[in-house]
Amino acid sequence: MTDDTNAAMTAPPQGPRIALIHALEESVVPARTAFRAHWPEARIFDLLDTSLAVDLAEAGRLDEAMMGRFRTLADYAADTAGAGGRTAGILFTCSAFAPAIDAVKPYLPIPVFRPNEAAFEAAMAMGNRIGIVVSFGPSADSLRAELLAMAAAAGRRIEAVVAVADGALAALKSGDGDGHDDRVVQAAGRLRDCDVVVLGQFSMARALARVQPLLTVPVLTTPGAAVEALRRLTGPAS
C-alpha cells in the first residue's frame, strides 16, 4: 500500500461546498471560526461586498436596486463549482438584510440561510421572552420584526427584547476588540430577565465567553447555530 493510499484512507472526508456572503468584513472571521468548530469538513468560500452596509446605512431602507444586488451575489455563489463540487448551500452573514435574503430563496434550488434564522429557531425552543443584542443599529428593528414573524408563522406568541451595544461595531472596526466586547457585555446585562439571549451579529460571537458567565440563561451565537443548521441540511447523512 502506497503512502498516498494511506493518506487518502486516513484523511477526514471533505464536505460540500458552502458560500458565505458578507456585507461586513468583521463577519468573515467569526463565520470561519464557527465552521472550524462545528463543521471543519465543509469547503467554504467567501464573497464580500462592504458597500452593502454603507449604502444601507445611508439610504435608511432596502430599495429595489439593493435587492437586485443580493440576487446577483446569490446567483454567482450558487453557479460556482470547484472544491467540494457545486455550491450546496449559501449563508448570508449580515443581519440587516433579511427581506433581500428571503427574496432570493425562491429562485435557488439549494438552502439559503439568513444569518439569524437558525439561532432564532433555537431560541424559540428555549423560551418565550427572547433577548437580542445588536451592534449594528439598522439591524435592531429588522431583527425584532424577523423574530416576531418567525414566531407568528410557527403559531407562537413571544416577546422580543432588543438591546443595542452602542459603539461596539465602531470599536471593532478601529481595532479595539476589548472595547467592542465591553459594550456587548453592557448591552447583554440589560437582558437578564429573558429566557435566552441571542448575539445578533456574526461579529459579536467573539464576546460569547464574556457574556455567558454574566447571565444565568443560554446565550446563542448566530454563526454557531447557522453552521449546525447547514450541516444538518447539506452534510452527509450520519
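The values are calculated or read from the model by the stated rules, or taken from the named source; none is laboratory data. Everything numeric in this text was worked out from a predicted model, so none of it was measured. Positions of Cβ are backbone-derived with ideal geometry, glycine not excepted, and every protein chain shown enters the neighbour counts. Side chains are part of the model used for accessible areas, which takes the heavy atoms of the whole protein and leaves out ligands, DNA and RNA. Shrake-Rupley method; radii C 1.70, N 1.55, O 1.52, S 1.80 Å.
So, in segment 214-228, exactly how many residues are surrounded by 20 or more Cβ atoms within 10 Å (Cβ to Cβ) and assigned to a helix (DSSP H, G or I)? The number of residues fulfilling the criteria is 6.
In this entry, Ala125 is excluded by the filter for residues that are touching a Ser or Thr at 6+ places or on another chain (Cβ under 6 Å), modelled with pLDDT of 95 or more and under 30 Å from Gln212 (Cβ atoms). Give the residue that is farthest from Ala31 (Cα to Cα), with candidates limited to residues of segment 82-96 that are assigned to a strand (DSSP E or B) and open to solvent by less than 40 Å² (accessible area, probe 1.4 Å). Applying the filter and picking the extreme gives Gly85.
Filtering segment 52-68 to residues that are open to solvent by 40 Å² or more (accessible area, probe 1.4 Å) and either at pLDDT 95 or above or assigned to a helix (DSSP H, G or I) (or both) leaves Val54, Asp55, Ala57, Glu58, Ala59, Glu64, Ala65, Met67.
Condition check for Arg71 on (1) in contact (Cβ under 8 Å) with a residue 40 or more places away in the chain; (2) in contact with a helix residue (DSSP H, G or I) (Cβ under 9 Å, 6 or more places away or on another chain); (3) part of a helix (DSSP H, G or I): one failure, at (1). If I filter segment 183-190 for residues that are touching a Gly at 6+ places or on another chain (Cβ under 9 Å) and assigned to a loop (DSSP other than H, G, I, E, B), do I get at least one hit? No.
Looking at this structure, is Ile21 of a type in the set (Val, Ile, Thr), farther than 20 Å from Ala140 by Cα and open to solvent by less than 30 Å² (accessible area, probe 1.4 Å)? For Ile21, the condition - of a type in the set (Val, Ile, Thr), farther than 20 Å from Ala140 by Cα and open to solvent by less than 30 Å² (accessible area, probe 1.4 Å) - is met.
Taking segment 148-169 as the range and being outside any loop (DSSP other than H, G, I, E, B) and crowded, with 18+ Cβ neighbours inside 10 Å as the test, the residues that pass are Met150, Ala151, Ala160, Val162, Ala163, Val164, Ala168, Leu169. Only one of the listed residues (Pro30, Pro106, Pro99, Pro111) is open to solvent by 60 Å² or more (accessible area, probe 1.4 Å) and either touching a residue at least 12 places away in the same chain (Cβ under 8 Å) or touching a Lys or Arg at 6+ places or on another chain (Cβ under 6 Å) (or both). That residue is Pro99.
Residues that are of a type in the set (A, V, I, L, M, F, W, C), without any contact (Cβ under 8 Å) to a residue 60 or more places away in the chain, within 23 Å of Ala53 (Cβ to Cβ) and open to solvent by 10 Å² or more (accessible area, probe 1.4 Å) within segment 172-213 comprise just one, Leu208.
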